[in-house]
Amino acid sequence: MIRDFKEINLAERNSFHVEQRARRLIEFETEEELMAIFRREQPDRWMVLSGGNNILFTQDYEGLILSPVSQRIEQLDESAESIRLRVGAGVEWDDLVAWAVERDLWGIENLSLIPGKAGAAPVQNIGAYGAEAKDVIRSVRFYDAEADCMRTLTREECVFGYRESIFKQALKGRTVITEIEIELSKKAAPRLGYGDVEREVERLGGATLRNIREAICSIRRSKLPDTAVLGNAGSFFKNPVVARVVAEELLAQYPEMPHYATADPEQVKLAAGWLIDRAGLKGYREGRVGVHERQALVLVNHGGATGGEVIALARKVQETVKQKFGIEIDTEVNIL
Ligand code: EPU
């Protein structure tokens, strides 16, 4: 079903809760509806907004916003080892994780409680606690506005990377994802290697699927602010990937600095949260915006802030980190 809104306030549709307005917003369910909207409206300017969890509006939007609301989770084929599912873009990601865990299906439990919808998961290849959406995604189906047709890309064709995919690169600005196909395992495959996960799972009584979900939820709740209470968009910055020599120089000065190997032995990933924290900015507040007091990667709206105020703080954080460590940190959040 299509729902059409004119002159709509976006405050409840973006997790930063900034007060911006859109000229028009249309919610759609099916790909037929989506194609009909494009044919009828022929929009010059349009964008997709699903959960609004990774976006910062700094101005009103004068174009057409498309918002997928399909709630379908459909089981495709099943083997002794795995099950394939087709998931509508509008399904809440964490509802999908809960659905899978209830049915003893492994693969996305480490991605519990990530805010946002299933259709957004492939765009930035959401990831946490040693797992990424790309580990389970088989294919992504979307409308390609340039080709004016529906297309499906396989996992390989999506060119997934750390918080990256083809949808942020070559296909940026021309796709509307309508569904994803994922494959989940019936066999236990716990991934406990990241941070406090193993300790928390042990505390709960061992590595069952339910305990892992519970552990991840409790770790996230302890560190990340609830968007319903405090406007934010999760990690505002990406963890920087730097040349090995750069990391080694910093490690000589800060031996305790967290660092992670990447697929390329010459590149090392650093923790932007640690860099911001060490630069003295954790919990820093400037008027209505601030750096979260328990996770320095997260910028928060203490109430009533504009997108511009958040950006000003973000620039200050970037400059301070650059001055102290010589490292540039990029934003993860889309700024509009
Ligand atoms: N750290 C600090 N101070 C801070 C924050 C972090 O010293 O304020 C240190 C931690 O002690 C740890 C290291 O930095 O040694 C890494 O921190 P953490 O494990 O909390 O993870 P992160 O690298 O800060 C990433 C993701 C999160 C995801 C966590 C867990 C990015 C940009 N962020 O954060 O994703 O939940 O790992 O896997 O990769 C998101 O994308 O919105 C998000 C929350």
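Just a few scattered comments:
- Some residue of segment 35-43 being over 22 Å from ALA145 (Cβ atoms) and open to solvent by 20 Å² or more (accessible area, probe 1.4 Å): no
- Scanning segment 261-285 for residues that are crowded, with 19+ Cβ neighbours inside 10 Å and of a type in the set (Val, Ile, Thr) gives VAL268, ILE276.
- Residue, farthest from LEU56 (Cα to Cα), within segment 17-26, restricted to residues that are modelled with pLDDT of 95 or more and open to solvent by less than 20 Å² (accessible area, probe 1.4 Å): ILE26
- Among the candidates VAL300, VAL289, residue that is away from the ligand (no atom under 15 Å from the Cβ) and open to solvent by less than 40 Å² (accessible area, probe 1.4 Å): VAL289
- Taking first residues from segment 224-250 that are under 26 Å from LEU56 (Cα atoms) and partners that are more than 14 Å from the ligand (Cβ to nearest atom), the Cβ contacts under 6 Å between residues at least 6 apart in sequence or on separate chains come to GLY231/HIS17; GLY231/ASN301; VAL241/GLN267.
- Per the conditions (1) touching a strand residue (DSSP E or B) at 6+ places or on another chain (Cβ under 7 Å); (2) within 24 Å of LYS117 (Cβ to Cβ); (3) away from the ligand (no atom under 11 Å from the Cβ), the sole criterion not satisfied by GLU266 is (2).
- Segment 162-193: number of residues that are more than 29 Å from GLY88 (Cβ to Cβ) and either away from the ligand (no atom under 16 Å from the Cβ) or surrounded by 14 or more Cβ atoms within 10 Å (Cβ to Cβ) (or both): 1
- Those residues of segment 303-336 which are of a type in the set (A, V, I, L, M) and buried (at least 16 other Cβ atoms within 10 Å of the Cβ), in sequence order: ALA305, VAL310, ILE311, LEU313, ALA314, VAL317, VAL321, ILE327, ILE329, VAL333
- Positions within segment 134-153 being under 23 Å from ALA263 (Cα atoms) and either open to solvent by 60 Å² or more (accessible area, probe 1.4 Å) or in a loop (DSSP other than H, G, I, E, B) (or both), in sequence order: LYS134, ASP135, VAL136, ARG138
The values are calculated or read from the model by the stated rules, or taken from the named source; none is laboratory data. It should be emphasised that the depicted structure is a prediction, and the values quoted were computed from it without experimental measurement. A quick note on method: Cβ atoms are made from the backbone with ideal geometry, for glycine too, and the neighbour counts reach across all protein chains shown. Remember, those area values only see protein heavy atoms, side chains included, never the ligands or the DNA or RNA. Shrake-Rupley method; radii C 1.70, N 1.55, O 1.52, S 1.80 Å.
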